[in-house]
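Structure first, commentary second.
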Amino acid sequence: MSFINYASREINLKIVYYGPGLCGKTTNLQYIYQRTAPDAKGKMISLATETERTLFFDFLPLSLGEIKGFKTRFHLYTVPGQVFYDASRKLILKGVDGVVFVADSQAERLDANVESLENLQDNLEEYGYKLEKLPYVIQYNKRDLPNVSSMDELSKLLNPRGVPEFSACAPKGEGVFDTLKAVAKQMLVNLKKSGH
Amino acid sequence: MFEAQSSLVLHDEEFSSIASVIEKLLQESNSKAIFLVDKDGQLISSVGETGDLDTTSLASLTAGNIAATGGLAKLIGEKEFSILFHEGEKDNLHLSLIASRVILVVIFDNRSSLGLVRLRVKKWGEELERIFCTLEKKARQNSDSPKSFFAEITDEDIDNLFK
Ligand SMILES: Nc1nc2c(ncn2[C@@H]2O[C@H](COP(=O)(O)OP(=O)(O)OP(=O)(O)O)[C@@H](O)[C@H]2O)c(=O)[nH]1
Ligand SMILES: [Mg+2]
C-alpha cells in the first residue's frame, strides 16, 4: 500500500523480495546497500538466525530522488525463504506495492522455485491481492554456478506471462540494479495510472 | 490502484491535525517521544526527543512487531492485541493500534508512568481514530478521481531517478 504524504511531499512504496530459501534475496539487498550513496539509504536491518538465514525480514530504506517535487522512498523487504517460516512470510507481504521473485537457477532447485512461486500467489490471495495486478519482475539468480537450468527452461516454468526477467549473480551485483529499477518503474507507472 | 488495497494519502490539513494531537498527547503523558506509524511500516508523524533515533528503522520494526503479535493473536483466537508494552531499564515502549490501521508508539521514562500513558493514549487515541476514519472515507470517495497530480509523471522523470 503506497503512502503519499502531501504535507512532507513524500511517496513511500514497499517492495518485497520473495523466493525459495538461499536463492539470494538477502544478498540482493546487501549489494544494493553497499552500492548506494550514504545520503540515499537508511540502515539495513536484518532479523536473521545465527547462521544468517532470514528469520523474519531484511529491511532497507532507499530514497532515490524527487519526482515532481515529491521525495520517492522505496522500502525494500526480503521474506524468509525457508518453507516452515510461512506465517512470517505472509506478514511481510501485507501492503506490498511491488514484488521481485528471486529464483535459484540451480537445476536441483527447480521444484523449490515452483513451490515458492505458488506459495507467493497463495499468500497474496489471502490478502485479496493478485500477482497479475501487482508490479512484478523475476530474477534468475546464481547464473555463475555450473549446474544451472537454461534461461529458457526457467522462463517457461516460472514466467508464463512474460513479465520483465533478469539473469543475475547477486554477490557480484550482476542484474541486481536492473531488477530493482524494473520493478520500481512499474510501481511509479502504476501510481501515475491510479490518479491521486 | 490494486484491488483490496487503498493507498494512504495525507494532505497538509490532516497532517497538521494529527501532529497537534500527538503533541498534546506528548505533553499530557509526560513522555519522551511519540511516533505514528502505518501498519505497513511507514512513519507518518513524530514529536518529542526524536533526534538521535533512527526513525525509519523504528517504524519498520514496530510494524514487524505488531504484525508478529497480530499473527500470534489469531493463532489463539483473538482478533488482535490492541496494546503492547515493553519495559526497559530506562525507557519503555507503549504500542497501541488505532482504527486497526496505524500504530501509536509512545516512548517514556520515569518522568511518566504506565498508568498515565495508558490513560492519555486512550483519550487522544480516540481523537486519532476519528481523524483516520474520516481520512479513509475521503479516500474511498476520491478513489477514482480522474484529475491527478501523478498522471503528469513522465517516463523521463522515472528514468531520471535511476541516473
Ligand atoms: N555463487 C553464487 N552464490 C550466491 C548467489 N547469490 C547468493 N549466493 C549465496 O547463497 C547463499 C544464500 O544467500 P542469501 O542471500 O542469504 O539467501 P536468502 O534468499 O536470503 O535465503 P533465506 O534468508 O534463507 O531465505 C549465500 O551464501 C550467498 O552468498 C549467486 O548469484 N551466486
Ligand atoms: Mg535471507
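The values are calculated or read from the model by the stated rules, or taken from the named source; none is laboratory data. Computed from a predicted model, the values in this text were never measured in an experiment. Every residue, glycine as well, gets a Cβ built from its backbone with ideal geometry; the counts of neighbours run over all protein chains shown. Remember, those area values only see protein heavy atoms, side chains included, never the ligands or the DNA or RNA. Shrake-Rupley method; radii C 1.70, N 1.55, O 1.52, S 1.80 Å.
Name the residue that is surrounded by the most Cβ atoms within 10 Å (Cβ to Cβ), counting only residues in segment A:45-66 that are more than 8 Å from ligand 1 (Cβ to nearest atom), more than 9 Å from every other protein chain (Cβ to nearest Cβ) and closer than 23 Å to residue A:168 by Cα.
A:60
Just checking, how many residues over segment B:72-109 are open to solvent by 50 Å² or more (accessible area, probe 1.4 Å), part of a strand (DSSP E or B) and within 19 Å of residue B:26 (Cβ to Cβ)?
Number satisfying all stated conditions: 4.
Let me spell it out: the conditions are (1) open to solvent by 60 Å² or more (accessible area, probe 1.4 Å); (2) within 17 Å of the chain's Cα centre (by Cα), and residue A:12 meets all of them except one. Which number is the exception?
That leaves (1) as the condition not met.
Kindly indicate whether residue A:142 is under 23 Å from residue A:186 (Cβ atoms) and either within 14 Å of another protein chain (Cβ to nearest Cβ) or surrounded by fewer than 24 Cβ atoms within 10 Å (Cβ to Cβ) (or both).
So residue A:142 fails the test.
Could you pull out the residue among A:108, A:132, A:115, A:153 that is open to solvent by 30 Å² or more (accessible area, probe 1.4 Å), out of contact with any strand residue (DSSP E or B) (no Cβ under 6 Å at 6 or more places or on another chain), touching a residue at least 60 places away in the same chain (Cβ under 8 Å) and more than 20 Å from residue A:30 (Cβ to Cβ)?
On the way: A:108 fails: touching a residue at least 60 places away in the same chain (Cβ under 8 Å); A:132 fails: touching a residue at least 60 places away in the same chain (Cβ under 8 Å); A:153 fails: touching a residue at least 60 places away in the same chain (Cβ under 8 Å).
That would be A:115, the only listed residue that is open to solvent by 30 Å² or more (accessible area, probe 1.4 Å), out of contact with any strand residue (DSSP E or B) (no Cβ under 6 Å at 6 or more places or on another chain), touching a residue at least 60 places away in the same chain (Cβ under 8 Å) and more than 20 Å from residue A:30 (Cβ to Cβ).
Looking at segment A:76-90 only, could you name the residues that are more than 10 Å from ligand 1 (Cβ to nearest atom), crowded, with 17+ Cβ neighbours inside 10 Å and either charged (D, E, K, R) or away from chain B (no Cβ under 14 Å) (or both)?
Answer for segment A:76-90, where residues must be more than 10 Å from ligand 1 (Cβ to nearest atom), crowded, with 17+ Cβ neighbours inside 10 Å and either charged (D, E, K, R) or away from chain B (no Cβ under 14 Å) (or both): just A:90.
Looking only at segment A:14-55, filter to residues that are of a type in the set (D, E, K, R) and away from ligand 2 (no atom under 11 Å from the Cβ); which one of those is farthest from residue A:95 (Cα to Cα)?
Pass one, segment A:14-55, residues of a type in the set (D, E, K, R): A:14, A:25, A:35, A:39, A:41, A:43, A:50, A:52-53.
Filter once more, keeping what is away from ligand 2 (no atom under 11 Å from the Cβ): A:14, A:35, A:39, A:41, A:43, A:50.
On the way: A:14: 7, A:35: 27, A:39: 26, A:41: 21, A:43: 21, A:50: 29 Å.
In this case the residue turns out to be A:50.
Consider residue A:121 against the criteria (1) out of contact with any strand residue (DSSP E or B) (no Cβ under 6 Å at 6 or more places or on another chain); (2) modelled with pLDDT under 95: it satisfies all of them except one. Which criterion is unmet?
Exception for residue A:121: condition (2).
Listed here are the residues, each with its yes/no results for (1) at positive phi; (2) away from ligand 2 (no atom under 16 Å from the Cβ).
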| position | (1), (2) |
| --- | --- |
| A:141 | no, no |
| A:147 | no, yes |
| A:150 | no, yes |
| A:162 | yes, yes |
| A:165 | no, yes |
| A:169 | no, yes |
| A:181 | no, yes |
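For residue A:28, work out the one condition from (1) open to solvent by 10 Å² or more (accessible area, probe 1.4 Å); (2) within 16 Å of ligand 1 (Cβ to nearest atom) it doesn't fulfil.
(1)
Within segment A:165-191, how many residues turn out to be more than 9 Å from chain B (Cβ to nearest Cβ) and open to solvent by less than 50 Å² (accessible area, probe 1.4 Å)? Walk me through it before giving the result.
Taking segment A:165-191 and keeping what is more than 9 Å from chain B (Cβ to nearest Cβ), we get A:165-176, A:178-179, A:182-183, A:186-187.
Okay, now just the ones that are also open to solvent by less than 50 Å² (accessible area, probe 1.4 Å), so A:166, A:168-170, A:173, A:175-176, A:179, A:182-183, A:187.
Count: 11.
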